Amino acid sequence: MRALVRTAEGVVELDVESGIVLVTDASVDHERLDVALPRLVAAAASGATVVALVDRRPPLLVSRDAGATWNEAGAGLPPGFDVAVDPGDPDRILYAARNRVHVSLDGGRFWRALEPELPDIEAVAWAHPG
């Protein structure tokens, strides 16, 4: 599993399992999802799963029914800047804090900070072979 992370200094590819940072020439430009929620920072979706990053505590709202109902998530996470849901597996979520990427493999219930600190993270996306 690999994540693409756009920082103030460029884009890196991050191995989610080992935390190894790889140099890449990929870009992290994804379509912004518009969700009718107050204080919305970013949102991503895969199928009926929608994850919204909001400017409050906890910072995430997760919907499994395309936004009809929402549950709070990420109570222990710091303020964030971007979120990405894996299009092939909606239980895999990336969360970008200021200098660290966090990953959930269970739909946002539990989170793990990836080891490397990165300079001023701006955006994240799942990398898919292709």
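The values are calculated or read from the model by the stated rules, or taken from the named source; none is laboratory data. Please read these numbers as outputs of a predicted model, since none were measured by experiment. All Cβ positions, glycine included, derive from the backbone under ideal geometry; neighbour counts span all protein chains shown. We work out accessible area using only protein heavy atoms, side chains counted, and drop any ligands, DNA or RNA first. Shrake-Rupley method; radii C 1.70, N 1.55, O 1.52, S 1.80 Å.
Counting only heavy atoms of the protein chains, get the accessible area per residue of the chain (1.4 Å probe) and round it to a whole Å² value.
Result: 52 Å² per residue.
Taking amide hydrogens as modeled 1.01 Å from N in the peptide plane, which residues meet the under 5 Å criterion relative to I20, leaving out close sequence neighbours?
D15
Once you charge only the Cβ atoms, +1 for Lys and Arg and -1 for Asp and Glu, what is the size of the charge dipole of the chain about its Cα centre, to the nearest 20 debye? The partial results should precede the final answer.
Working: 12 positive and 20 negative charges, 100 e Å.
That gives the chain a dipole magnitude of about 480 debye.
Which entry in [x] 0.96; [y] 1.71; [z] 1.21 is this structure's computed Cα Rg over 2.2 N^0.38 Å?
Given [x] 0.96; [y] 1.71; [z] 1.21, the structure-derived one carries the label [x].
Counting other Cβ atoms within 10 Å, which GluC sites (Glu not before Pro) in the stretch 1-47 have at most 15 and lie in a DSSP loop?
Within the stretch 1-47, the qualifying GluC sites (Glu not before Pro) (loop, at most 15 other Cβ atoms within 10 Å) are E9, E17, E31.
Residues with amide H under 5 Å of L33's amide H, sequence separation 5 or more or different chain, H placed in the peptide plane at 1.01 Å from N; which?
The list, which skips near neighbours in sequence, is A43.
Among L40, L118, A96, which residue has its Cα furthest toward the positive end of the charge dipole of the chain, with +1 on Lys/Arg Cβ and -1 on Asp/Glu Cβ?
Result: L40, furthest along the dipole toward the positive end.
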